[in-house]
Amino acid sequence: AAMSVSAPSPLRDGRLDLVALEIARATVGKKLPTFDAIAFLVHHYGLVEPEPYLVMVRGPAQADPSLLNDLSKQIPSVFRAGDWRRVGVGVKRGTDEVTVVLALQPQNLELAPLPRQLPSQGTVLMIGRLLGRYAKPAVLLATPRGIVRNLTLTARKGRFELILACDAGDGVYQVEIEGDDGRGPAVLANFPVYCGL
């Protein structure tokens, strides 16, 4: 499907598989889980990028050929609309019905592994690199009290590093990483770090 519209083929990501599977399991009828639930799943499985683009098909049990046919009709237009570099697949089989969820994400950032949890007053070195057409990295941090600040970082040729510190008390710190593709800043990652929790 990607090649049919001259797009790069996305790589399978096991974390996105788990997100897609949980979404398939939590889908009732045609109603997907809430945005907050999907955001939780993405962060729970260690993804830092924004929530994935979802494609869902449902049909009677043992209807795999027709479901694949439905997907093959939907997916080329999805690849024309976005630069999807990673894909996850989730399948829920019931006695009467099968649900298939594809979760697609771009990848415009490489980030060295970070702990999700730090001790009170803890610090960690964050190292990342912008990919593709993105430049001018910026990292914003929202403290547990909701104060947002632009962190000072060292950047060279898209690579950046900075110290992330739990310096405003215990609680949830929200980290946002931005890059500029020439049309203005875009959010490339958004994730929580739990300090003293």
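Between residues in the range 47-74 that are touching a residue at least 60 places away in the same chain (Cβ under 8 Å) and under 30 Å from Glu176 (Cα atoms) and residues that are surrounded by 12 or more Cβ atoms within 10 Å (Cβ to Cβ) and among the aromatic types (Phe, Trp, Tyr), which pairs lie under 7 Å by C-beta distance while being six or more apart or on different chains? Correct list of pairs: Val48/Phe191. Candidates in the range 159-183 are the residues that are among the small types (Gly, Ala, Ser) and open to solvent by less than 20 Å² (accessible area, probe 1.4 Å); of these, the one that is farthest from Gly128 (Cα to Cα) is Gly171. Inspect the range 79-89 for any residue being touching a Pro at 6+ places or on another chain (Cβ under 9 Å) and of a type in the set (Phe, Trp, Tyr) and give the result as yes or no. There is at least one residue in the range 79-89 that is touching a Pro at 6+ places or on another chain (Cβ under 9 Å) and of a type in the set (Phe, Trp, Tyr).
Tell me, which residue of the range 86-99 that is more than 14 Å from Leu54 (Cα to Cα) and of a type in the set (D, E, K, R) is surrounded by the fewest Cβ atoms within 10 Å (Cβ to Cβ)? Steps first, answer last, please.
Step one: of the range 86-99, the residues more than 14 Å from Leu54 (Cα to Cα) are 92-98.
Going one step further and asking which of them are of a type in the set (D, E, K, R), we end up with 92-93, 96-97.
Working: Lys92: 18, Arg93: 13, Asp96: 7, Glu97: 13.
Among them, the one singled out is Asp96.
On the stretch given as the range 55-77, residues that are in a strand (DSSP E or B) and either open to solvent by less than 30 Å² (accessible area, probe 1.4 Å) or closer than 20 Å to Pro8 by Cα (or both) total 3.
Quick check: anything in the range 107-121 closer than 30 Å to Leu71 by Cβ and among the aliphatic types (A, V, I, L, M)?
Within the range 107-121, one or more residues are closer than 30 Å to Leu71 by Cβ and among the aliphatic types (A, V, I, L, M).
Just one of the numbered conditions (1) in contact (Cβ under 8 Å) with a residue 60 or more places away in the chain; (2) not in a strand (DSSP E or B) is not true of Leu104: (2). Among the residues of the range 133-158, those identified as among the small types (Gly, Ala, Ser) and either surrounded by 15 or more Cβ atoms within 10 Å (Cβ to Cβ) or more than 19 Å from Leu109 (Cβ to Cβ) (or both) are Ala138, Ala142, Gly146, Ala155, Gly158. For the range 2-54, a tally of residues being at negative phi, part of a loop (DSSP other than H, G, I, E, B), open to solvent by 40 Å² or more (accessible area, probe 1.4 Å) and not basic (Lys, Arg) returns 7.
The values are calculated or read from the model by the stated rules, or taken from the named source; none is laboratory data. This is a predicted model, so every value here is computed, not measured. Using ideal geometry, Cβ is built from the backbone for each residue, glycine included, and neighbour counts are taken over all protein chains shown. Surface accessibility is based on the protein's heavy atoms, side chains included, excluding ligands, DNA and RNA. Shrake-Rupley method; radii C 1.70, N 1.55, O 1.52, S 1.80 Å.
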